[in-house]
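Q: Next up is a structure, given as structure tokens.
The values are calculated or read from the model by the stated rules, or taken from the named source; none is laboratory data. Small disclaimer: the values here were computed from a predicted structure and weren't measured. Note that each Cβ is placed from the backbone with ideal geometry, even for glycine, and that neighbours are counted across all protein chains shown.
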Amino acid sequence: MDITGKSILITSFTTFIETLTKKLTEKLLEKEIYPEQREKICEVIIAIKSANEATRKFIKSDGYKPNTDLTILWRDCLRKAVVANVNEGLEDYLYHKADFWGNPQQWLDNPSAMELVPKLKDLNNKCDMLLQILKK
């Protein structure tokens, strides 16, 4: 596939994700959130934000080397998202993010596999979506 084709594919995929996120946010905002679930969602947001900060710091200092600590952090985020019953694809994101840090080079060498690994800004957007749920 040529560069133009890849660019169109990536743009289409990005547009799809943005549209899906907007629809999922609207759907989630319609749900009634109980106090115990609110606390669990808050724990998910805090865990993801903490993992994001640790990941950015690691990348800045060491690049993309395997990092067991990051794998554990992202798996903890996954566990908290499952407990909070957030769904909406977040669990898949977190699962792949944890796997990525087990062997980043294997993922980086396979561009199609990298589409499964969310960018840190995408996870921040998910946190923003979850925060909107807590505000209602």
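Q: Is the stretch 52-74 home to any residue that is in contact (Cβ under 8 Å) with a residue 60 or more places away in the chain, charged (D, E, K, R) and on the phi > 0 side of the Ramachandran plot?
A: To start, the set of residues in the stretch 52-74 that are in contact (Cβ under 8 Å) with a residue 60 or more places away in the chain comprises 52, 55-56.
Those still in the list that are charged (D, E, K, R) too: 56.
Narrowing the set further to residues that are on the phi > 0 side of the Ramachandran plot leaves none.
No.
Q: List pairs: first residue in the stretch 83-109 and in contact (Cβ under 8 Å) with a residue 12 or more places away in the chain and at negative phi, second residue among the aromatic types (F, W, Y) and not in a helix (DSSP H, G or I) anywhere in the structure, Cβ distance under 8 angstrom, at least six positions apart or on different chains.
A: Here the result reads P104/Y64; Q105/Y64; L108/Y64, each pair linking the stretch 83-109 to a residue that is among the aromatic types (F, W, Y) and not in a helix (DSSP H, G or I).
Q: Could you list, in sequence order, the residues of the stretch 82-96 that are part of a helix (DSSP H, G or I) and of a type outside the set (G, A, S)? Break it down stepwise before answering.
A: Taking the stretch 82-96 as the starting set, the residues that turn out to be part of a helix (DSSP H, G or I) are 82-84, 90-96.
V82, V83, L90, E91, D92, Y93, L94, Y95, H96 - these are the residues of the stretch 82-96 that are part of a helix (DSSP H, G or I) and of a type outside the set (G, A, S).
Q: If D128 satisfies all but one of (1) surrounded by 13 or more Cβ atoms within 10 Å (Cβ to Cβ); (2) within 26 Å of E39 (Cβ to Cβ), what's the number of the condition it fails?
A: Just one mismatch for D128, condition (1).
Q: Quickly run through the stretch 55-106 and pick out the residues that are polar (S, T, N, Q) and within 25 Å of E36 (Cα to Cα). Give the derivation first.
A: First, the residues of the stretch 55-106 that are polar (S, T, N, Q): 55, 61, 67-68, 71, 85, 87, 103, 105-106.
N85, N87, listed by residue number.
Q: Being farther than 13 Å from K126 by Cβ and at pLDDT below 95 is the requirement here; does D99 meet it? Talk me through it step by step, then tell me what you get.
A: On the way: farther than 13 Å from K126 by Cβ: yes; at pLDDT below 95: yes.
Yes: the conditions hold for D99.
Q: Pairs needed: first member in the stretch 112-134, assigned to a loop (DSSP other than H, G, I, E, B); second member anywhere, surrounded by fewer than 16 Cβ atoms within 10 Å (Cβ to Cβ); C-beta distance under 9 Å; at least 6 residues apart or different chains.
A: Going by the 9 Å Cβ cut-off, the qualifying pairs are E115/I10; E115/F13; L116/D92; P118/D92.
Q: For R79, only one of the following conditions fails: (1) at pLDDT below 95; (2) part of a helix (DSSP H, G or I). What is its number?
A: Condition (1) is where R79 drops out.
Q: Given D69, D99, which one is in contact with a helix residue (DSSP H, G or I) (Cβ under 8 Å, 6 or more places away or on another chain), loosely packed, with under 14 Cβ neighbours inside 10 Å and part of a helix (DSSP H, G or I)? Don't jump to the end; show me each part of the working.
A: Working: D99 fails: loosely packed, with under 14 Cβ neighbours inside 10 Å.
Just a single option satisfies the conditions, and that option is D69.
Q: How about the stretch 115-128: which of its residues are modelled with pLDDT of 85 or more and among the hydrophobic types (A, V, I, L, M, F, W, C)?
A: Correct list: L120, L123, C127.
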